[in-house]
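Okay, so here's the structure we're looking at.
The values are calculated or read from the model by the stated rules, or taken from the named source; none is laboratory data. Model, not experiment: these values are computed from the prediction. When we count neighbours, we look across all protein chains shown, and the Cβ atoms used for this are built from the backbone with ideal geometry, even at glycine. SASA here: full protein model, heavy atoms, side chains in, ligands and nucleic acids out. Shrake-Rupley method; radii C 1.70, N 1.55, O 1.52, S 1.80 Å.
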Amino acid sequence: MLKIPGYEGGPLVQGDAYLDDPLFWLVHLGSSLRGEDAQRAAFGADWDAAMDLYRTLSAEHAWPVFSVPLRSGHTIYVVYRNFVDEWGVDYLIHQPAWSEAETLAVDDGHFMGPGMAWPELLSAARQPVTEGIHDADARLLLLFPMLGDALLPDDAAAVLTSALAALTLIEDPADVARMLLENQGQWAPARWRSTGGILINDGGHSYRNPSNAFALPEGRLLEISSALHGGG
């Protein structure tokens with residue numbers, strides 16, 4: 001059974017087998033596909049199959065985990081947390097010297113985030129690794145629900161469209177990419193800035209906003225910023 005240091009949960013299982021299912025990606029991005037138009041564009045006639053897959057991903061007896069290693073030695077864990085009536089997806093980061101993993105974002109009814117700015121998402125997706133999930137498109141879509149960035153670059157939609165086209169069967173990936181970027185996460189898009197080498201934001205629900213009482217310590221924030229940008 002898989003273990004994540006300091007993470008109290010249920011039976012963690014490797015989830016990589018789901019990555020070959022085009023519907024998985026749409027289910028995973030579901031919290032940013034709000035409204036009938038978005039759901040119709042993403043799921044179409046596959047709605048019932050998507051709901052069946054969601055129920056499988058949410059089974060209490062097996063909590064799928066996806067590991068996204070970074071060049072720095074840190075690993076981001078995407079965990080489907082399947083407590084009864086407390087379903088959600090936890091985004092954690094850990095490296096071997098830490099006694100326990102830190103939470104970057106939580107995608108559920110009591111959401112916490114954002115956990116990443118767009119440049120960090122792109123960097124984390126494209127970092128070359130020799131183990132774990134190495135496909136850049138898969139890494140991008142796995143981590144996308146952590147995004148909350150009010151200042152997206154002009155090419156963000158094109159990058160996301162390319163990933164959706166590669167991994168899903170959506171008829172119009174550009175339209176879905178646009179809707180995803182308009183509805184980043186469950187939080188308001190945050191404004192990010194660098195201070196002392198630390199990338200922080202102004203989000204009221206973010207662990208990466210030092211103004212929040214629950215924010216991560218400064219040392220962790222610095223290390224996380226470096227890891228996400230590809231630092232060693």
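Taking each residue as 0.36 nm, the span from Arg71 to Ala49 lengthens on full extension beyond its C-alpha to C-alpha distance by 4.3 nm.
Counting only Cβ charges, +1 for Lys and Arg and -1 for Asp and Glu, the dipole size of region 99-232 around its Cα centre is about 380 debye. For the chain, a crude dipole built from +1 on the beta carbon of Lys and Arg and -1 on the beta carbon of Asp and Glu, taken about the Cα centre, is about 720 debye to the nearest 20. When the solvent-accessible area of the chain is split by element, carbon and sulfur atoms take up 51 percent of it, the probe being 1.4 Å. At full extension, Ala165 and Asn183 could sit 4.6 nm farther apart than now, given 0.36 nm per residue minus the alpha carbon distance. Converting phi to 3J(HN,Hα) with the Karplus coefficients 6.51, -1.76 and 1.60 and the offset θ = phi - 60°, region 171-180 yields 5, 10, x, 5, 5, 5, 4, 4, 5, 4 Hz in sequence order, with x at every glycine or proline.
When the Cα positions of Ala105, Gln186, Ala174 are compared along the charge dipole of region 75-232, Ala105 comes out farthest toward the positive end, with charges on each C-beta of Lys, Arg, Asp and Glu.
In the set (1) 16.6, 50; (2) 28.2, 101; (3) 19.7, 63, the label that goes with Rg and Dmax of the Cα atoms in Å computed for this structure is (1).
For Leu199, the residues 5 or more places off, or on other chains, whose built amide H falls under 5 Å of its own are Ser225.
Region 85-116 and region 8-22 have Cα centres spaced 16 Å apart.
A simple spin-label model places the labels of Glu8 and Asp172 4.7 nm from each other, with each point 7 Å out along Cα-to-Cβ. Just to confirm, what accessible area per residue do you get for the chain at 1.4 Å probe, in whole Å²? Per residue, the chain has 45 Å² of solvent-accessible surface.
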